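Since the structure comes first, as structure tokens, the remarks are kept for the end.
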Amino acid sequence: MRSAFRHSQVGSFFQAEPRIGNPYAGDKFLQRLLQRLLPTEIFSDVHSELMRLGKRIEDEIEPLGIQCEMNPPTLNQTDPWGKRVDEVVTSPFWKRMKEISAEEGIVATGYERKHGEYSRIHQFAKCLIFHPSSGLYSCPLAMTDGAAKTFEALKLPKYNDVYSRLTSRDPSKFWSCGQWMTERRGGSDVANGTETVAVKQSDGSFNLYGYKWFSSATDADISLTLARIVDEEGHTKEGTSGLSMFILKTRNQDGSLNNIHVMKLKNKLGTRSLPTGELLLDGTNAELLSEPGRGVACISNMLTMTRLHNTTGSISAMRRVILLARDYSMKRSCFGSKISEYPLHVDTLAEMELECRAGTVLLFELVRILGLQEAGKATEEEELIFRLLTPVVKLFTAKRSMGVVSEGLECFGGQGYIEDTGIPAILRNNQVTPIWEGTTNVLSLDMLRAVAKSRGKAFLSLQSALTRRLGVVVQKRHDLKPAADRLLKEIETLIEMASKFEVSEAMARARIIAFAVGEIASGMLLLEQAVETDSSTDLHSAHRWIRNVTDVQKKLNEADPVESTTSFDMVFDGYVGINSKL
Ligand code: UCC
């Protein structure tokens, strides 16, 4: 009697937990997209590899990733006798993730070029399913991919060994690479804020002195970084043209740090499994990689790659929360039915799915062009679109994914707010994607720079590609003409209005322009997917997306931040600032 009473207090119901399962098998949209983008034989090869990797993720990588999240790195600054050692201690799970990354060729697949121009599609499909289960090891891999791309472009035989390590599948050879750009003064404004200096040594190498404020993956084997060369008179040059790019090894041959002091590990909102630190470079020996003064242009190769990986991160965070929420909706009953049976809940999931699909087609459009570039087959139009869309797609997916992931947490009710379900970490970790690799505003301005540098040709290339490709869509399915026309009208209006803006007006509206480009381009890609796959769900996605595309004219006309002071007045409302001594 007493034990039954106790039992009834605890209750006998325990909710079955949501699971991601095999993330590739669970993503039919990705499968159809790959089938469409890849020739039959290549698809067959890639599909079976992704099925296998997906299973390994489910069985081995996902539990390891959870352990990475639960066992963040620590810093031992001194040994027991007080000697400074600055040892970043990472967990065995994190170390194992590095080995698995090499074994699976997460970076290597992009450089082995087994599938020629399709190799990047292959690689990024792997990244997409690997990322959310990797415990954020995907971050060092993003930088490693960026470094491999940079070395490939530089074609310096002296660094063949470095390149082969960055792209190796052998865990004992594989090196990861950091990207140490951010300093206290220069966050976004790298060109003016970088204070690190490089002093030439008699052997031709340089010693670096400076403070790197955000160094993701302090445990990397090597890093690329920026510094100002000190000339013979002891002067350095200001601005972009004073910056050069260097390579450094983080450790000397005896295992000691290369005159690097790890001042602290950052206490971050998320990405806690990543050893992000503040580093003092105190005579760190490095070699000059770029031409003097060409550091920003040279590291841009790396930035392009890390921005693609950032996009991958945002999309895969959406996919992860959707896979979990979808599974949960079939396990959780409420008000007498499975929540998957409520149209309102399904509609919420459908909006999330739609955003994820839009991001996915954008990513694979960029990755498709990247593969063509590397095979020497990209047209001038594609090159211009690639430069234009890279910042747009990064900022678009990062920002929109935050809404999706937040919505996703709500799908689990209170459980979505409970740390040890692992669900809140998706939100905390994803909040970095709109920030690192360039904030939304910085990247909106980067898009404008791409337009300006091409004298408007980047926009016109996008418009002509849209016109041509939507023409093909309409030829195949005439009933899609209204949707295609809507997109063509929006791009035409956007370009017409943007071309009449003064520079300052365009800059003040850069975000609106960037999001409009993202919406229009993804609309076109979703329509292509709909006609080429013949899937009713792909057709529904395209219609649903285009129905929601922003009215660009209205949005741009409403935005009046330049000509009027109203917005400024509204924000500051008589505020004159508080003495920062507080
Ligand atoms: O390091 C970080 C964290 C690492 C973690 C990465 C993991 C990511 C994925 C994880 C997956 C989960 S965060 C640090 C990130 N920092 C930034 O992103 C900096 C943001 N600021 C910018 O992007 C700025 O726009 C700058 C620094 C690029 C602007 O510098 P400048 O000097 O003002 O730029 P300029 O003068 O416009 O360009 C200088 C040269 C030009 O070449 P030339 O001289 O030939 O005309 C530009 O065309 O650089 C070229 N350039 C570019 N080229 C500049 N930006 C680009 C670009 N985006 N693409 C191609």
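The values are calculated or read from the model by the stated rules, or taken from the named source; none is laboratory data. Quick caveat: nothing in here was measured; it's all calculated off a predicted structure. Using ideal geometry, Cβ is built from the backbone for each residue, glycine included, and neighbour counts are taken over all protein chains shown. With ligands, DNA and RNA removed, areas are computed over all heavy atoms of the protein, side chains included. Shrake-Rupley method; radii C 1.70, N 1.55, O 1.52, S 1.80 Å.
Here are the numbers for the structure shown:
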| read-out | value |
| --- | --- |
| Pick from the range 427-438, criterion open to solvent by 50 Å² or more (accessible area, probe 1.4 Å) and within 11 Å of the ligand (Cβ to nearest atom), ranking: nearest to M143 (Cα to Cα) | W436 |
| From E233, E238, residue being open to solvent by 10 Å² or more (accessible area, probe 1.4 Å) and away from the ligand (no atom under 15 Å from the Cβ) | E233 |
| Hits in the range 377-389 - residues which are open to solvent by 10 Å² or more (accessible area, probe 1.4 Å) and closer than 16 Å to S300 by Cα | E383, L384, F386, R387 |
| Condition check for R294: within 10 Å of the ligand (Cβ to nearest atom) and open to solvent by 40 Å² or more (accessible area, probe 1.4 Å) | yes |
| Residue check, G178 small (G, A, S) and under 25 Å from P92 (Cα atoms) | yes |
| 3 or more residues of a type outside the set (A, V, I, L, M): qualifying helices (runs of 4 or more DSSP H) within the range 446-541 | 457-476, 481-500, 510-533 |
| Tally of residues being buried (at least 20 other Cβ atoms within 10 Å of the Cβ) and among the basic types (K, R) across the range 491-522 | 1 |
| Elements of type helices (runs of 4 or more DSSP H) in the range 125-205, at least 1 residues being over 19 Å from S241 (Cα atoms) | 138-154, 160-166 |
| All positions within the range 191-205 that are open to solvent by 80 Å² or more (accessible area, probe 1.4 Å), more than 16 Å from the ligand (Cβ to nearest atom) and within 22 Å of E238 (Cα to Cα) | K200 |
| Index of the failed condition, D420 passing every other in (1) among the acidic types (D, E); (2) open to solvent by 50 Å² or more (accessible area, probe 1.4 Å); (3) more than 26 Å from T276 (Cα to Cα) | (3) |
| Residue, nearest to I426 (Cα to Cα), within the range 298-314, restricted to residues that are touching an Asp or Glu at 6+ places or on another chain (Cβ under 9 Å) and among the aliphatic types (A, V, I, L, M) | L308 |
| Filter pass, T537 being open to solvent by 40 Å² or more (accessible area, probe 1.4 Å), of a type in the set (S, T, Y) and out of contact with any strand residue (DSSP E or B) (no Cβ under 9 Å at 6 or more places or on another chain) | yes |
| Matching residues, the range 525-558, being within 24 Å of the chain's Cα centre (by Cα) and over 20 Å from Q463 (Cα atoms) | S541 |
| So L488, is it open to solvent by 40 Å² or more (accessible area, probe 1.4 Å), within 16 Å of the ligand (Cβ to nearest atom) and either out of contact with any His (no Cβ under 8 Å at 6 or more places or on another chain) or within 24 Å of K394 (Cβ to Cβ) (or both) | no |
| Unique residue being within 16 Å of the ligand (Cβ to nearest atom) and more than 23 Å from the chain's Cα centre (by Cα) when the list is L154, L128, L136 | L154 |
| Only one of R469, R509 that is among the basic types (K, R) and modelled with pLDDT under 95 | R509 |
| Answer from R6, R2, R84 - the residue that is surrounded by fewer than 19 Cβ atoms within 10 Å (Cβ to Cβ), in contact with a strand residue (DSSP E or B) (Cβ under 6 Å, 6 or more places away or on another chain), at pLDDT below 95 and not assigned by TED's automatic domain parsing to the domain that holds M263 | R84 |
| Qualifying positions in the range 550-574 - modelled with pLDDT of 85 or more and open to solvent by 70 Å² or more (accessible area, probe 1.4 Å) | Q553, K554, K555, N557 |
| Top-ranked residue of the range 439-452 - restricted to ones that are closer than 16 Å to F501 by Cα and out of contact with any helix residue (DSSP H, G or I) (no Cβ under 6 Å at 6 or more places or on another chain), ranked as farthest from the ligand (Cβ to nearest atom) | A452 |
| Residue within the range 301-311 that is hydrophobic (A, V, I, L, M, F, W, C), farther than 30 Å from E407 by Cα and within 16 Å of the ligand (Cβ to nearest atom) present | yes |
| Selection within the range 70-126 - more than 26 Å from L30 (Cβ to Cβ) and in contact with a Lys or Arg (Cβ under 6 Å, 6 or more places away or on another chain) | P72, T78 |
| Residue ID - farthest from the ligand (Cβ to nearest atom), chosen from residues in the range 168-190 that are among the small types (G, A, S) and open to solvent by 20 Å² or more (accessible area, probe 1.4 Å) | S172 |
| Qualifying positions in the range 341-374 - more than 23 Å from the chain's Cα centre (by Cα) and open to solvent by 50 Å² or more (accessible area, probe 1.4 Å) | E341, Y342, P343, L344, V346, D347 |
